[in-house]
Amino acid sequence: MLPLLLLFGLLLLLLLLCLQWRHPNHHLLPPGSMGWPYIGETFKLYTQNPNSFFSIRQKRYGDVFKTHILGCPCVMISSPEAARVVLVSKAHLFKPTYPPSKEKMIGPQALFFHQGPYHSRLKKLIQASFLPSAIKPSVSQIENIVLRLLPSWDNSQINTLQQMKRFAFDVAMISAFGDQQDLEIERIKHLYQCLEKGYNSMPLDLPGTPFRKAMKARKLLSETLGKLIEKRQRSNEYGGGLLAVLLGGDGDGDKVEKNKLSNSQIADNIIGVIFAAQDTTASVLTWILKRSRTPYFEERVREGGRGLTWDDTRRMALTSRVIQETLRTASVLSFTFREAVEEVEFEGYLIPRGWKVLPLFRTIHHSAHFFPHPEKFDPSRFEVSPRPNTYMPFGNGVHSCPGSEMAKLEILILLHHLITGYRWKVVGEESGIQYGPFPVPKGGLPIKVFFKEETRLLL
């Protein structure tokens, strides 16, 4: 027995020496738990308060720790300085990525998953669709959506999250396709809504699973988008929105230059923009209605009617600060995914090639070091600019969200008309949060909405 133990001890020592030789200076993987085989800690992350998930591990392991979610080994980082390294100063070492299941659903040629020349080219095209000069005409289009939607809420109980998703989706469709009503648009809406039901499911490609159903919808969605793209190409009428720009137009229906993107590249990026535009915006709006009370606004928000202009939206300082504080407290995007393109030494640890690296925006946004009394909802804290790299609701660096201004614009317009024209109250229990995966008030925040009497007179 003793010789066997000695032999085992020598083999273990030899293994440790080999590991030390392979990774000099005692470079080790970050501390942490990988959870269950394959499943890892996915269910813990997506079913409990993410503040607790991150803070427990940060206290136990430090600002850099490993875990395993959505089938991927991951390293999570929770300091502004480390986040800046990953997203800005050494971004070339960490390519943007998502778990393979999400790449399949959105499309592997979408902007999110690339860097280098292809990414730069796409980013310029997509940014062109969301520059202030490009989105100014959207003010009236978004306002029309709002003015059709809000009267249907009068004297009704609504599920805030579902109604805000409906609103954000309609805006996303205008951003993607312009206001031209092709026959394919309704089918695209239906198929996308089938697809999104499987976005955050476990990637089990088995009959009857949400993932299998979503992938079937994704295939049909790609085919339907392809038909729309070919129709607009044949007619040389590119319409408006992002699709027109990706086809080589100017966003107003005029042909400018052939960008030579394939139809599949265009389809993946259209789906990607709709994906990025819907759930996050809807979640932020839901939290605003949860955490803000109508009287608070009524005393401070400029009264006004319809016919908002771009300049009007630039003067909504209080509402802008409310949006900023909601983005901080809710931190709808708790983190972003990056992937190490090579073996990287990071803060004394080794990150293997292919591992995901997740800067934790939520942990940074809820740190008392950067935001005193972080649990308090206080829009006035944004009367001064936050410290660099501590406020990143739309990411940071070359891969930050190109549609952030459009998101803020649609939130401003809806809030303006809701606050100045309506009253609302939360129905039932106000506490509680659900995760799926974005954190939202429990039950999607049921509210009862009423016209203000002066609003009724305008109708």
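The values are calculated or read from the model by the stated rules, or taken from the named source; none is laboratory data. Just so it is clear, the model here is predicted, and its values are computed rather than measured. Quick reminder, even Gly has a Cβ in these numbers, built from the backbone with ideal geometry, and neighbours come from all protein chains shown. Quick note on the areas: whole protein, heavy atoms, side chains included, nothing else; ligands and nucleic acids left out. Shrake-Rupley method; radii C 1.70, N 1.55, O 1.52, S 1.80 Å.
Here are the numbers for the structure shown:
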{"quantity": "Strands (runs of 3 or more DSSP E) completely within region 392-446 that count 1 or more residues being within 22 Å of Ile364 (Cα to Cα)", "calculated": "433-435, 439-441"}
{"quantity": "Residue count for region 183-200, restricted to those that are open to solvent by less than 20 Å² (accessible area, probe 1.4 Å) and in a loop (DSSP other than H, G, I, E, B)", "calculated": "2"}
{"quantity": "Counted residues, region 61-105 - those being buried (at least 19 other Cβ atoms within 10 Å of the Cβ) and part of a loop (DSSP other than H, G, I, E, B)", "calculated": "5"}
{"quantity": "Condition met for Thr363 (under 23 Å from the mean Cα position of the chain (by Cα), farther than 29 Å from Ser138 by Cα and assigned to a loop (DSSP other than H, G, I, E, B))", "calculated": "no"}
{"quantity": "Selection count, region 409-436, where residues are open to solvent by 60 Å² or more (accessible area, probe 1.4 Å) and either closer than 28 Å to Ser175 by Cβ or polar (S, T, N, Q) (or both)", "calculated": "3"}
{"quantity": "Those residues of region 317-348 which are more than 24 Å from the chain's Cα centre (by Cα) and either surrounded by 19 or more Cβ atoms within 10 Å (Cβ to Cβ) or assigned to a loop (DSSP other than H, G, I, E, B) (or both), in sequence order", "calculated": "Glu342, Glu343, Val344, Phe346, Glu347, Gly348"}
{"quantity": "Looking only at region 366-385, and only at residues there that are among the aromatic types (Phe, Trp, Tyr) and assigned to a loop (DSSP other than H, G, I, E, B), the one that is least open to solvent (accessible area, probe 1.4 Å)", "calculated": "Phe371"}
{"quantity": "So Phe113, is it open to solvent by 10 Å² or more (accessible area, probe 1.4 Å) and within 19 Å of Gly395 (Cβ to Cβ)", "calculated": "yes"}
{"quantity": "Every residue from region 201-237 that is out of contact with any strand residue (DSSP E or B) (no Cβ under 8 Å at 6 or more places or on another chain), touching a residue at least 12 places away in the same chain (Cβ under 8 Å) and not in a helix (DSSP H, G or I)", "calculated": "Ser201, Met202, Pro203, Glu237"}
{"quantity": "Cβ pairs under 7 Å, 6+ apart, first in region 107-119 and at negative phi, second open to solvent by less than 40 Å² (accessible area, probe 1.4 Å) and in a loop (DSSP other than H, G, I, E, B)", "calculated": "Phe113/Thr97"}
{"quantity": "Selection status of Ile351, over 22 Å from the mean Cα position of the chain (by Cα), open to solvent by less than 30 Å² (accessible area, probe 1.4 Å) and at pLDDT 90 or above", "calculated": "yes"}
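For (1) under 23 Å from the mean Cα position of the chain (by Cα); (2) of a type outside the set (A, V, I, L, M, F, W, C); (3) at pLDDT 90 or above, each residue gets a yes or a no:
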| position | (1), (2), (3) |
| --- | --- |
| Arg387 | yes, yes, yes |
| Ala407 | yes, no, yes |
| Leu414 | yes, no, yes |
| Leu418 | no, no, yes |
